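Colleague: Take a look at the following structure, please.
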Amino acid sequence: MDLVVAVLFQLVYGIANLALISLGLAIIFGMMRVINLAHGEFLMLGGYTVVVATNAGVNIWIAMLILAPLVVGIIGVIVERLLIRWLYGRMVDTLLATWGLSLLLIGLVTSIFGASTATTISPPLGIIRLGDYSASGYELFLIGVTIVLFIAVFATLKMTKLGLVARGTMQNPEMSSALGVSTTQVYMVTFGLGAAVTGLAGGLLAPVTGVLPTIGATYIAKAFITVISGGASILAGTAAGSILLGGINGIFAFITGPTIGEVALLVAAIILLRLMPRGITGRFFRKSL
Amino acid sequence: MTLSRRNFVMGTTAIALTAPATIGRAQTDNIKFASILDLSGGLDIYGAPMAETTKMAIEDINAAGGLLGREVELTMYDAQSTIQFYTQYATQAAAGDKAHTVHAGITSASREAIRPTLARFKTLYFYNTQYEGGVCDYNNFCTGSTPAQTVAKVVPYAMNKWGKKVYIVAADYNYGQITAQWMQKFVAENGGETLDVEFFPLDVTNFGPTINKIQTAKPDMVISALVGGAHVSFYRQYAAAGMLKEIPIASTTFGVGNEQKLISAEEGNGIIASYGYFEGADNPVNTAFLERLTAKLGADRPVMNELAIRSYEGAMLWAEAVKAAGTADRDPVIEALRSGLTYNGPSGPVTIDAQTNHCSMNVYIGELQDQTWNIVESFENQPPADTQLVCDLVANPNQSTFLFENGLAAAGIE
Amino acid sequence: MNGNNTLRQMRPVLVFAFIGVVFMFVAPYVLQLFTIINLTTAIALAVLALSLALVWGYGGILCFGQVAFFGLGAYAYTIAAINFGGSTWAILVAIMVASAFAALLGYFVFFGRVSDVYLGVITLTVTLIFFSLIRRTSGPEYKIGNALMGGFNGITSPPLNLPWDTSSFLFPEHVFYVAMAALILCYVFCGWLVTTHFGRVCVGIRENELRAELLGYDSRLYKLGIFTVSAGIAAIGGVLFCNGVGRITPDVFNLYNAALTIIWVIVGGRGTLIGPIAATFGLFYLTSALGGQSVLNNNLVLGVILIFFVLLVPKGVAPTLTDWFTKRRKPRRANRRRRRSQVNKA
């Protein structure tokens, strides 16, 4: 019984983890059709913000929850102004530009901080006990944060004026522009928001993963596949993609080991896209966000 | 007319490709030393400290008047964590630069890309990395430690301390798989039991399911051969689940990329590892070396690990051999190296073993406390016993093989 | 089919091919030995870029996993050559394996009407599956015939030999000729293919799939066809690559290489064949030259160059250069026409 609960907990955590690293990419891809290959580096920058800030004596919670999204969000806005805004409507060119950006960011961080940076942080919060099993309290916290983050993004899109304008621009940019909406500003804010969410995710993962300039590469493929499998809807798509792929990965990893777990995730994504060529939300929950 | 203008593209390419061959390659009287390491990309955590100590070795040699009255000229190539660049730069160093020796390679894959190229151009090759053992090549000197030197020491030490039931986690590639085999062998030899062996792709960052499995198996200890930046997550998640205090960890890989600095003190305290070098090695050469390094690079210099020290000692072994041979030509230098040459380096005396072209060296067991390794036990002059089982270059010098490519069958382990 | 017409359309291709032949015979006398040896790798990658230029630039299929066929070709060649003891049939096996796999995968996706970026993700995912699976195969139990898979370390590739003469191996400096010849032949073949009826239908489907279907063309079959052909060409690149490097490792299947192939084609220009080839040589030279310096971080320099590129030369090298020349020529031609008409009037 304890084992079942412990395994279920890990399964949920695996799904939340996948959703957390994918959400920022989904916002940018879903709203603007920009494939951000520098997504992994945005996560890395979030992690670096936390490591550098805590080394300078900042409280870890402030570093993770405020500084990481703030810094990466600002970087996102700068990147949008300098680079992405020239490339709207040219999805393939954004591939090249963001790939260049990803190399640039890795090179920049390596040049400034060296190949690796010493850290002193460890996951805050204690340990949860389940009979013979134990799990990190911080993992439970991360599951909670992921849920809260989804609700917050939902509320922003559904209930605020910004969200309304953003959704309108996403559906029909010409019409919104004709109605007096500054689409360039909407795009700038959206990209910044996506970057901030990514920065937050990177910051939150900093205490449980290694933080290195090249670590982004381990996330980008998984996040990319999850978002595309999910389809065009930002929240429902990411959630559905994460639950399906993360669930399959977790189950196979527990039964057969992590390599087969990864392969199972990839095979599931292929079969899914063959059956639903527009992703999960291309077929189900079409009206959702 | 238009078309002839268009071929501008091809023409420029051709000229551009010629450029490195003709520019700045003036023949000098210097002795040429080439280094190929990954200084960018995913493997730079290993390559960067190795490059620093290589530079320092060449500076030290030149400061002492060079070799045979000639200056040693260092050419460094960055293979950018890509195998094809190893072949390419090895060709360039051997056939283009006419280097007298090439010190190169981090992963076994990179070494296997370089080895045939340098053998073809008859260029002396040093591989200064700890690895799974088994290279048997007259032209190739492997100065790093192998499993019979380190795994054989850390397994009994940890089992005496913690108990007989062992759970093994390892990186899912050649080094991890072969090292896991050695671990099982030494666990069995010491009367222990391996409960399970699990392999992880190099980009896994979520170790939750495995931690559950370890909790189910209830071993006395975990032995790890996890590698690289992503796998640092294992140690953090393991400590976060409160496991490190209950089931301790021993490792043969943790720390070789200075991973102890990537996790906090309480996440790493008590981890045990075995290498041919720790900064705490107690000898005057080491103390002086570290002082000079700090003076050169400042207080935030990289922590020295086995890879970095071997790069220094590898260069120094070669320099000693050149001095002994009285020439930098390959064949006399190889003979000088194989005559049982010893160099007193920061890790202690390092002696070339003529049977295998590997090194006999001191081996240390370290325990991690507050991000620093404290040496708890040391073993002097350990031979590369695993490679000796399959390789005899004295009896049969004309070979260049890698016997462990076939797993451990060659060493008699199933 | 008008033969003269085809020849006229192919004139630029033949001119570039001729330049290639000249380069092939002159280079070994002008360049240093190591440059010639290292060029083989660049040529192999250029063949890969060419294959993507065909399937993406002309077929409109964004294949994010072109390296899958490249790597598959290299692995198939290596394993077959070890087992057969010679390279002649192994080359054929490599092309067959990659094409057959592409045909299967293509049937799976095109007949499922998967398109756009979703297709890119499927092909990328397939590539990553190869990466994960082959990396696992380091134990002695993973053996195909006499060939050990070797896992992460990869397999040493046997060198090419003269056709049906397994005793005379080619030296790396001779492989250069083979590679260059293969590149030129593949280039001429692709140049010819796009002028054929088949090629023009593919371009029509790229421009407007619905219209092409309404005209009675089964777009799925044409896509499958060009996809399979390009996979075969990628496999030729793979064979050359493992000969140039001397071994093949699972690294060819990683995300970095998959994205790099796309970048060559974007930089060279979609819709041309010579552009991606030139871009591959250019970027290859750049990255290997960067590796010889240690002042600046390589990623930093490469990143800055790519970003400037996408902002300043958005269409890619070859189309931009072509535009530039036509723009310069237009006024002249217009002048000539005006003069001629004045003469006529007079």
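Each reported figure results from applying straightforward, stated rules to the coordinates on display, with no laboratory input. Note that the structure is predicted; figures quoted are calculated from it, not measured. For neighbour counting, all protein chains shown are included, and Cβ atoms are generated from backbone atoms with ideal geometry for every residue, glycine included.
Colleague: Taking 0.36 nm per residue of sequence separation and subtracting the Cα-Cα distance, how much length would be gained by fully extending the chain between B:Thr287 and B:Lys323, in nm to one decimal?
Modeller: 10.5 nm
Colleague: Which semi-axes, in whole Å and largest first, does the equivalent ellipsoid of the stretch A:33-175 have when worked out from the alpha carbon gyration tensor as the square roots of 5 times its eigenvalues?
Modeller: 32, 24, 14
Colleague: Rounded to two decimals, what is the ratio between the C-alpha radius of gyration of the stretch B:71-224 and 2.2 N^0.38 Å?
Modeller: For the stretch B:71-224, the normalised Cα radius of gyration comes out at 1.30.
Colleague: Between B:Cys359 and residues 5 or more places away or on another chain, which pairs have amide H atoms under 5 Å apart, with H built 1.01 Å from N, and which residues are they?
Modeller: Excluding prolines and chain starts, which carry no amide H, the hits are B:Asp353.
Colleague: Another one. Arranged from highest to lowest average of other beta-carbon atoms within 10 Å per residue, in what order do the peptides B:146-154, B:59-67, C:176-184 appear?
Modeller: B:146-154, C:176-184, B:59-67
Colleague: Using the 2.2 N^0.38 Å rule of thumb for compact globular proteins, work out how the protein assembly as shown stacks up: its C-alpha Rg over that value, please.
Modeller: Ratio of Cα Rg to 2.2 N^0.38 Å: 0.94.
Colleague: Quick check: the distance between the Cα centres of the stretch A:222-268 and the stretch C:59-106, to the nearest angstrom?
Modeller: So the two Cα centres are separated by 29 Å.
Colleague: Right, something else. What is the fewest-to-most order of C:Glu209, A:Glu139 by other Cβ atoms lying within 10 Å of their Cβ?
Modeller: By the 10 Å Cβ count, ascending, the order reads C:Glu209, A:Glu139.
Colleague: Would you calculate the separation in nanometres between label points at B:Asn374 and B:Tyr138, each defined as 7 Å from the Cα along the Cα-to-beta-carbon direction?
Modeller: 5.0
Colleague: Another one. Compute the FRET efficiency between C:Phe25 and C:Trp164 as 1/(1 + (r/R0)^6), taking r as their Cβ-Cβ distance and R0 = 22 Å, and round to the nearest 0.05.
Modeller: Computed FRET efficiency for C:Phe25 and C:Trp164 comes out at 0.30.
Colleague: Sum -39500 (n - 2.57) across every DSSP H segment of at least 4 residues in the protein assembly as shown, then divide by the residue count to get the 222 nm mean residue ellipticity, nearest 500.
Modeller: -19500 deg cm²/dmol
Colleague: Averaged across the residues of B:85-94, what count of C-beta atoms belonging to other chains lies within 10 Å of each residue's C-beta?
Modeller: Average per residue, whole number: 6.
Colleague: With Kirkwood's inverse mean 1/r over C-alpha pairs for Rh, give me the Rg to Rh ratio of the stretch C:1-110, two decimals please.
Modeller: Ratio of gyration radius to Kirkwood radius: 1.04.
Colleague: Taking only Cα atoms, what is the 0 to 90° angle, nearest 10, from helix C:255-268's long axis to the longest principal axis of chain C?
Modeller: 20
Colleague: Further question on the same structure: Enter the mean number of other protein chain beta carbons within 10 Å of the beta carbon of each residue in B:171-177, as an integer.
Modeller: Average per residue, whole number: 6.
Colleague: If the viscosity is 0.692 mPa s and the temperature 37 °C, what translational diffusion coefficient in µm²/s does Stokes-Einstein give for the stretch B:247-292 when Rh comes from Kirkwood over Cα pairs?
Modeller: In µm²/s, the coefficient rounds to 269.
Colleague: Under a cut-off of 16 Å between alpha-carbon atoms, report the lysines in cross-link reach of B:Lys55, not counting same-chain residues fewer than 8 places apart.
Modeller: Here the lysines satisfying the reach criterion relative to B:Lys55 are B:Lys32, B:Lys296.
Colleague: Another question, if that's okay. List B:Ser360, A:Ser182, A:Ser242, B:Ser378 from most exposed to least, where exposure is judged by having the fewest other Cβ atoms within 10 Å.
Modeller: Going from least to most buried by this count: A:Ser182, B:Ser378, B:Ser360, A:Ser242.
Colleague: To continue, here is another question. For a quick check: sort A:Val52, B:Val227 by the number of other beta carbons within 10 angstrom, fewest at the front.
Modeller: Neighbour counts put them in this order, fewest first: A:Val52, B:Val227.
Colleague: Sticking with this one: Please list the radius of gyration and Dmax for the stretch C:152-210, considering alpha-carbon atoms only, with Å as the unit.
Modeller: In Å, with Rg to one decimal and Dmax whole: 18.6, 55.
Colleague: A further question on this structure: Go through the protein assembly as shown and flag any cysteine with no other cysteine's C-beta closer than 4.7 Å, please.
Modeller: B:Cys142, B:Cys359, C:Cys63, C:Cys186, C:Cys190, C:Cys202, C:Cys242
Colleague: Counting only other chains, and only Cβ atoms inside 10 Å, what mean value do you get across the residues of A:265-272?
Modeller: Across the residues of A:265-272, the mean count of other-chain Cβ atoms within 10 Å is 5.
Colleague: Right, another one. Just add up the charged neighbours of B:Leu393: K/R +1, D/E -1, any other residue whose Cβ is under 13 Å from the Cβ of B:Leu393.
Modeller: -3
Colleague: Filter the cross-link list B:Lys185/B:Lys261; B:Lys161/B:Lys213; B:Lys98/B:Lys323; B:Lys122/B:Lys153; B:Lys218/C:Lys143; C:Lys223/C:Lys327 down to pairs whose alpha-carbon distance in this structure exceeds 26 Å.
Modeller: B:Lys185/B:Lys261; B:Lys122/B:Lys153; B:Lys218/C:Lys143; C:Lys223/C:Lys327
Colleague: Calculate, for A:Leu82 and C:Leu296, the FRET efficiency according to 1/(1 + (r/R0)^6) with r their C-beta to C-beta distance and R0 22 Å; round to the nearest 0.05.
Modeller: 0.60
Colleague: Evaluate Rg over Rh across the stretch B:270-414, taking Cα atoms for both radii and Kirkwood's formula for Rh.
Modeller: Rg divided by Rh gives 1.02.
Colleague: Work out how much length A:Val267 to A:Ile62 would gain on full extension: take 0.36 nm times their residue separation and subtract the Cα-Cα distance, in nm to one decimal.
Modeller: Contour length minus the Cα-Cα distance gives 69.8 nm.
Colleague: Relative to the first principal axis of the alpha-carbon coordinates of chain B, what is the inclination of helix B:208-217, with its axis defined by its Cα atoms, in degrees from 0 to 90 and to the nearest 10?
Modeller: Value to nearest ten degrees: 50.
Colleague: Determine, from the Cβ-Cβ distance of C:Asp218 and C:Thr88 and an R0 of 35 Å, the FRET efficiency 1/(1 + (r/R0)^6), rounded to the nearest 0.05.
Modeller: After rounding to 0.05, the efficiency reads 0.45.
Colleague: Bins of 5 Å, beginning at zero and ending with the bin holding the largest distance: percent of Cα pairs per bin for the stretch A:185-248, please.
Modeller: 4, 15, 18, 25, 22, 13, 3, 0
Colleague: Report Rg/Rh for the stretch A:119-251, rounded to two decimals, where Rg is the Cα radius of gyration and Rh the Kirkwood radius.
Modeller: On the Cα set of the stretch A:119-251, Rg over Rh gives 1.04.
Colleague: If you find the alpha carbon centre of the stretch C:191-214 and of the stretch B:271-323, how far apart are they in angstrom?
Modeller: 64
Colleague: Still on this model: Which distance in nm do the two modelled labels at C:Leu210 and B:Asn396 give, with both placed 7 Å along the Cα-to-Cβ direction?
Modeller: According to this spin-label approximation, the distance is 7.1 nm.
Colleague: Now for a different question. What is the P(r) of chain B, as percent of Cα-Cα pairs per 20 Å bin from 0?
Modeller: Result returned by the calculation: 27, 55, 16, 2, 0.
Colleague: For a bin width of 5 Å, list the pair-distance distribution of the stretch A:90-165 built from all Cα-Cα distances, rounded to whole %.
Modeller: All Cα pairs, binned at 5 Å, distribute as 3, 11, 9, 8, 9, 16, 20, 13, 8, 3, 1 percent.
Colleague: Can I ask one more? Please list the three semi-axes, largest first and in whole Å, of the ellipsoid equivalent to chain C, using sqrt of 5 times the eigenvalues of its alpha carbon gyration tensor.
Modeller: 36, 25, 21
Colleague: Given just the C-alpha atoms of the stretch B:37-159, how large is their convex hull per residue in cubic angstrom?
Modeller: That works out to 128 Å³ per residue.
Colleague: Once fully extended, how much extra length lies between C:Thr326 and C:Phe198, figured as 0.36 nm per residue of separation less the alpha-carbon to alpha-carbon distance?
Modeller: Length gained between C:Thr326 and C:Phe198: 43.3 nm.
Colleague: Then there's this: Can you tell me the mean projection area, over all orientations, of the convex hull of chain A's alpha carbons? Units nm², please.
Modeller: Average of the hull's projected areas for chain A equals 15.8 nm².
Colleague: Same structure, new question: Mind listing the Cα extents of the stretch B:222-328 along all three principal axes, in Å, largest one first?
Modeller: 59, 27, 25
Colleague: Starting from the alpha-carbon convex hull of the stretch C:191-321, give the projected area averaged over all orientations, in nm².
Modeller: Result: a mean projected hull area of 10.2 nm².
Colleague: If you don't mind, another one. Is the stretch B:148-275 best put as rounded, prolate or oblate by its Cα gyration tensor, with a ≥ b ≥ c the root eigenvalues, rounded for a/c under 1.5, and otherwise prolate when a/b is larger than b/c, oblate when not?
Modeller: rounded
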